[in-house]
Amino acid sequence: MDLQALYQEIILDHYKSPHHAGLREPFDAEVHHVNPTCGDEVTLRVHVEGDLVSDISYDAEGCSISQASTSVLADLLIGKRIEDANGIHQKFVELMQGRGKIEPDEDVLEDGIAFAGAAKFPARVKCALLGWMAWKDATAQAVTSAEATR
Amino acid sequence: MTVETTALQGLLDVERIRADFPILARRLDGDRPLVYLDSANTSHKPQQVIDALSEHYAMHNANVARAVHQLGAEATAAFEESRDKVAAFIGAPSRDEVIFTKNASEALNLVANTLAWARGALEIGDGDEVVITEMEHHSNIVPWQLLTERKGATLRWFGLTDEGRLDLSNIDELINERTKVVSLTWVSNMLGTINPIAEIARRAHDVGALVVVDASQAVPQLPVDVAALGADLVAFTGHKLVGPTGIGVLWGRSEVLEALPPFLGGGEMIETVTMARSTYAQAPHKFEAGTPPIAQAVGLGAAIDYLSAIGMAKVAAHEQAITAYALTRLREVGGLTILGPAEAVDRGGAISFELEGVHPHDVSQILDSLGIAVRAGHHCAKPAHHRFGVQSSTRASFYLYTTPAEVDALIEGLDQTKRFFKVA
């Protein structure tokens, strides 16, 4: 078992000082996701402006992997066009569900490539995806409500 | 302080016992020996139990209570003999009070569901109350939430003291003339606390309430005499007492089982069936619809034989000695907080703890890399974690095959965990 592969320095750094943490206004959707097997929780807000993800804010409680991956998510997706953010989301999910066999693209995933090692630990894949699934859910809701009020 | 310098009183001959458990000799990835400290989750199985399962399927496989042929007779005899073994093991006054279920959850749900359908003295309705505790496993919370929601009754619960014991200061108010059921765990799967069942049962019976006990963590660790316990219904599971998965037990006093309606409908639970209506068999068969877990029951019988040959008083003494040793050693670990009683008094062998600055998943991941298996998470006891202001914890739990050296390995593993995450 390769602990260093799982706990890359990048992950421990994000865990110790998460980026964009805390819940902020304004936001268009807020979701609360939990990992029922371990109890990890995240409350995550998304603010969209036009076709841009203008802010992602969150309050998370959980292990180093789930905390760090939410921090990386915010770094990667804030300021992106929603369409591009969805593409990055898809790449990250593919990486995590690839059982460690996918070579990640650093140009797309940046710090997110540090989770390639976590993909080899089936019990931790859900940890890494917690914030990402919450973002997907919140963004879909934000887009739907934006369309409804248009 | 290690065992090399201080002999522990009450230990079993662990090396001899460990030789019976093939999995304990396994090497994990990287040729690491297994240090299994997750027995409250599920216990390992001795060769005797594995052989009983295997021999049943190899030599005696048949359905029970309906086949006239020799194999059917053998399977039925073995299945019913296991019922006798369970009855003797827990001190049941009658073998007919022992119902086989698939696990403790099903046993508890059997009680909560049949109570929802009961008429007469056991009927639960508007204004009635069911009392549980804040330290219950989810399987002794959710069925009662479902029951009280469905029947318009009120769910109430005992809180916990800071030490992790039941707060009985408001027992007179909690258990009152509206109380119909008091359901509680004997030994907490998270805090390790052993609850004063007899005292609470006496108070419950004073107001005419039924007493249900979740004994999932108690039956594996303690000598049990249900007749003396004071409970009306007791649930436990086979896989935590060196038996197979897929087999649980509900014991109930005959009068209570007689008053409860059937649970699942189907084969073997009937007396006679017409197209319009059916009449039902007596307990235990009334509650055992369909083909039961036959091989698993036989395996449970073998598990009980195994534990009985050692003696449950000795198993309990071993658990007590190992737990006391682990508590002492865990207190030496800086930044570690034990959730639950800190002394091995009225305490079972599950120890949950927090390690400052490291999440339980990360603790268990580092320990796993060293071959040490513990549980991380909420252990299906979210309310108890909430009570102590934590979301999750790491839990080490022990059994008759646990050695003091394995506790030492845990302590060393925790030190390594702290170094890895750079916490003091």
Based on what the data block shows, is residue A:85 within 20 Å of residue A:13 (Cα to Cα) and either within 13 Å of the chain's Cα centre (by Cα) or open to solvent by less than 30 Å² (accessible area, probe 1.4 Å) (or both)? no
Selection from the stretch B:377-408 of residues touching a Leu at 6+ places or on another chain (Cβ under 9 Å), within 14 Å of chain A (Cβ to nearest Cβ) and crowded, with 24+ Cβ neighbours inside 10 Å yields B:381, B:384, B:393, B:394, B:395
Can you find, within the stretch A:29-48, the residue that is farthest from residue A:116 (Cα to Cα) among those that are modelled with pLDDT of 95 or more and open to solvent by 60 Å² or more (accessible area, probe 1.4 Å)? A:30
Is it true that some residue in the stretch B:23-30 is over 22 Å from residue B:406 (Cα atoms) and open to solvent by less than 70 Å² (accessible area, probe 1.4 Å)? no
If you go through the stretch A:1-28, how many residues are open to solvent by 60 Å² or more (accessible area, probe 1.4 Å), within 20 Å of residue B:358 (Cα to Cα) and touching a His at 6+ places or on another chain (Cβ under 9 Å)? 0
Could you grab me the full set of residues in the stretch A:44-65 that are under 17 Å from the mean Cα position of the chain (by Cα) and free of Cβ contacts under 8 Å to residues at least 60 places away in the same chain? A:52, A:54, A:55, A:57, A:59, A:61, A:64
Among B:340, B:348, B:290, B:299, the single one that is in contact with a His (Cβ under 9 Å, 6 or more places away or on another chain) and either buried (at least 21 other Cβ atoms within 10 Å of the Cβ) or in the same structural domain as residue B:243 (by TED's automatic domain parsing) (or both) is B:299
Output yes when any residue across the stretch B:296-312 is away from chain A (no Cβ under 14 Å), hydroxyl-bearing (Ser, Thr, Tyr) and out of contact with any Leu (no Cβ under 8 Å at 6 or more places or on another chain), and no when none is. yes
Can you give me the number of residues within the stretch B:106-139 that are touching a helix residue (DSSP H, G or I) at 6+ places or on another chain (Cβ under 9 Å), more than 25 Å from residue B:165 (Cβ to Cβ) and either among the polar types (S, T, N, Q) or loosely packed, with under 15 Cβ neighbours inside 10 Å (or both)? 8
From the list B:146, B:110, which one is out of contact with any strand residue (DSSP E or B) (no Cβ under 8 Å at 6 or more places or on another chain), touching a residue at least 12 places away in the same chain (Cβ under 8 Å), among the hydrophobic types (A, V, I, L, M, F, W, C) and part of a helix (DSSP H, G or I)? B:146
From the list B:40, B:52, B:65, pick out the single residue that is in contact with an Asp or Glu (Cβ under 7 Å, 6 or more places away or on another chain), away from every other protein chain (no Cβ under 14 Å) and either among the small types (Gly, Ala, Ser) or not in a strand (DSSP E or B) (or both). B:65
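The values are calculated or read from the model by the stated rules, or taken from the named source; none is laboratory data. As the structure is a computational prediction, the values presented were derived from the model and not from experiment. We place every Cβ from the backbone using ideal geometry, glycine too, and count neighbours over all the protein chains shown. Quick note on the areas: whole protein, heavy atoms, side chains included, nothing else; ligands and nucleic acids left out. Shrake-Rupley method; radii C 1.70, N 1.55, O 1.52, S 1.80 Å.
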